[in-house]
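**Student:** Following this message is one structure expressed as structure tokens.
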Number of protein chains: 2
Amino acid sequence: MKERDEARVAGGTLAGDAYAAIHRAIRSGELAPGQRLRFAELQSLCGMSVTPVREALARLTAEGFTISDDHRGFRVAPLSLAELRDIVANRRLLEGEALRLSIQNGDAEWESRVLAAHHLMARVPRERDDIPSAMREEWDRKHAAFHRALLSACGSPILLDLCEKLFVKADRYRRMSISIPGQSRDVAREHEAIMTLSIERRTEPAVEALRAHYQNTADAVQRLFEDGRED
Amino acid sequence: MKERDEARVAGGTLAGDAYAAIHRAIRSGELAPGQRLRFAELQSLCGMSVTPVREALARLTAEGFTISDDHRGFRVAPLSLAELRDIVANRRLLEGEALRLSIQNGDAEWESRVLAAHHLMARVPRERDDIPSAMREEWDRKHAAFHRALLSACGSPILLDLCEKLFVKADRYRRMSISIPGQSRDVAREHEAIMTLSIERRTEPAVEALRAHYQNTADAVQRLFEDGRED
DNA sequence: GGCCGCCGGATTTTCGAAAATCCTGTGAAC
DNA sequence: GTTCACAGGATTTTCGAAAATCCGGCGGCC
């Protein structure tokens, strides 16, 4: 079995690796919004030929992370305040409904998943700007896991998938909000409230707390946009 | 400028043509649910080399129309009663909200678009089984246009996009329902009711009519499933 | 008999180069 | 001075073949 420098995931394809690498670079901002993507650069970034890179871009384009201009190449999808608002509005709708269904259908095991995921997230320290980025990524992962756990009992694979896709889309914007200095609101308290209300099966208060949580996040990022774009 | 037998769309790419051709074949049932997709066959179907076909499959897979098993090829995504139910449940949620927003935001031009689209659809005769398939396709197009017009004023590009994707996903199931013999319910009347209520800005009745419309369609197809799978 | 490992064909996946297309800047015509 | 056509280079897109992987069957071994 041949091994490459950047060993491919066992059993996977190079195209899959390219997808993961480019996706990650876009989410992290390493590839900036609107930036043109040249095959030569992506090939050296991924360490492979043009074919799998192109396949990765086809997938990314189908998911809206990149944009394809026929015969003129690809570029990273731009960010905009309008899109941020739109994403949040739809997350409020979709995740609100998903949480409602989860509370309705969730069993004791669901409760314990939520509790466990919240605990793991709360244990990761998340103070101010000067935290190491490795720890930030760790918190991001736990945060995502917590939200997934919340919705995990909704019983609708499609709804879950839509929520997941919007979550990832929102990630590029969330990244901006970490640079906000005086995080006045208490994210941890919001999370805790959502968790408690959910487990206590107080459906509508829980849903409302989740929706408010998204609105708050959006408002914070929106302020950033208005004070001139980042970079 | 070189021209091929199956002339590519002006300015487009072969990969784009392959995507359209395979997508169409799947929607029409020419490529059956679950069927394995061999590159040799697809190449002769599309009349091109493997690379653009593969790119098309990557896109289709990202959208859920095909499934990729690494190193084992692709197959058409299967249909199931569970998925049908899930699609309908989510369409009720999403299109319901989109219609609500459309009624809220729509101006006179929106009203006229809805009216016009409904008229075009109503003019296409749609009797029983023995209608020519060309006419059925015509009706399908008008039907899709009517639903799009209804939601077109919702103001949320993302919500519109999600609705469109679910609509296309549902299309494969809708195709089954045409073979239902005693269409007892009156689809035309349902459409008319939705249109009238919407234009009269009777928001909640309109939304409820739309949601019932989907539920009825789903129930009809579901009966088909239970009487043994088609084919 | 049942199970494991290996061989050969079928198929997918990737490569490197050829073909097609786009972009830039130069120069001629008006 | 402006416009237009058109080379020349850069870039994307596609091809055909090579490499990698999978599937099925055969033979040896326990």
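Yes or no, residue by residue, for (1) within 16 Å of DNA strand C (Cβ to nearest atom); (2) under 30 Å from A:Pro157 (Cβ atoms); (3) open to solvent by 40 Å² or more (accessible area, probe 1.4 Å):
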{"site": "A:Gly11", "(1), (2), (3)": "yes, yes, yes"}
{"site": "A:Ala21", "(1), (2), (3)": "yes, yes, no"}
{"site": "A:Ile26", "(1), (2), (3)": "no, yes, no"}
{"site": "A:Glu30", "(1), (2), (3)": "no, no, yes"}
{"site": "A:Gln43", "(1), (2), (3)": "yes, no, yes"}
{"site": "A:Leu57", "(1), (2), (3)": "yes, yes, no"}
{"site": "A:Arg85", "(1), (2), (3)": "no, yes, yes"}
{"site": "A:Leu93", "(1), (2), (3)": "no, yes, no"}
{"site": "A:Ile103", "(1), (2), (3)": "no, yes, no"}
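**Student:** Also: Search the range B:40-56 for residues that are over 10 Å from B:Ala21 (Cβ atoms) and pair each with any residue that is at pLDDT 95 or above and outside any helix (DSSP H, G or I) when their beta-carbon atoms are under 8 Å apart and the residues are at least 6 apart or on different chains.
**Tutor:** B:Gln43/B:Ser49; B:Pro52/B:Thr13
**Student:** Here is a further query. For the range B:80-105, name all the residues that are in contact (Cβ under 8 Å) with a residue 60 or more places away in the chain and farther than 18 Å from B:Tyr173 by Cα.
**Tutor:** B:Leu94, B:Gly96, B:Glu97, B:Ala98, B:Leu99, B:Arg100, B:Ser102, B:Ile103, B:Gln104
**Student:** Here is a follow-up. What helices (runs of 4 or more DSSP H), lying completely within the range A:1-107, carry at least 1 residues that are more than 14 Å from chain B (Cβ to nearest Cβ)?
**Tutor:** In the range A:1-107, the matching helices (runs of 4 or more DSSP H) lie at A:14-28, A:39-46, A:81-105.
**Student:** Which residues, counting only those in the range A:67-80, are more than 16 Å from DNA strand C (Cβ to nearest atom) and more than 14 Å from B:Ser156 (Cβ to Cβ)? Break it down into steps so the answer makes sense when it comes.
**Tutor:** Quick first cut of the range A:67-80, residues more than 16 Å from DNA strand C (Cβ to nearest atom) only: A:76-80.
Of everything in the range A:67-80, those that are more than 16 Å from DNA strand C (Cβ to nearest atom) and more than 14 Å from B:Ser156 (Cβ to Cβ) turn out to be A:Val76, A:Ala77, A:Pro78, A:Leu79.
**Student:** Inspect the range B:107-115 for any residue being more than 30 Å from A:Arg100 (Cβ to Cβ), open to solvent by 20 Å² or more (accessible area, probe 1.4 Å) and not assigned by TED's automatic domain parsing to the domain that holds B:Asp219 and give the result as yes or no.
**Tutor:** The answer is no; no qualifying residue exists.
**Student:** Count, please, the residues in the range B:13-68 that happen to be at pLDDT below 95 and at positive phi.
**Tutor:** Count: 1.
**Student:** What pairs can you find where one residue is in the range B:175-191 and open to solvent by less than 70 Å² (accessible area, probe 1.4 Å), the other is at pLDDT 65 or above, and their Cβ atoms are less than 6 Å apart, with a gap of 6+ or different chains?
**Tutor:** B:Met176/B:Val221; B:Met176/B:Leu224; B:Ser177/B:Ala220; B:Ser177/B:Val221; B:Ile180/B:Ala220; B:Arg185/B:Asn216; B:Glu190/B:His213
The values are calculated or read from the model by the stated rules, or taken from the named source; none is laboratory data. Owing to the predicted nature of the structure, the values given are computational and were not obtained by experimental measurement. In this analysis, Cβ positions are derived from the backbone assuming ideal geometry, glycine residues included, and neighbour counts consider all displayed protein chains. Only protein heavy atoms, including side chains, enter the accessible area calculation; ligands, DNA and RNA are left aside. Shrake-Rupley method; radii C 1.70, N 1.55, O 1.52, S 1.80 Å.
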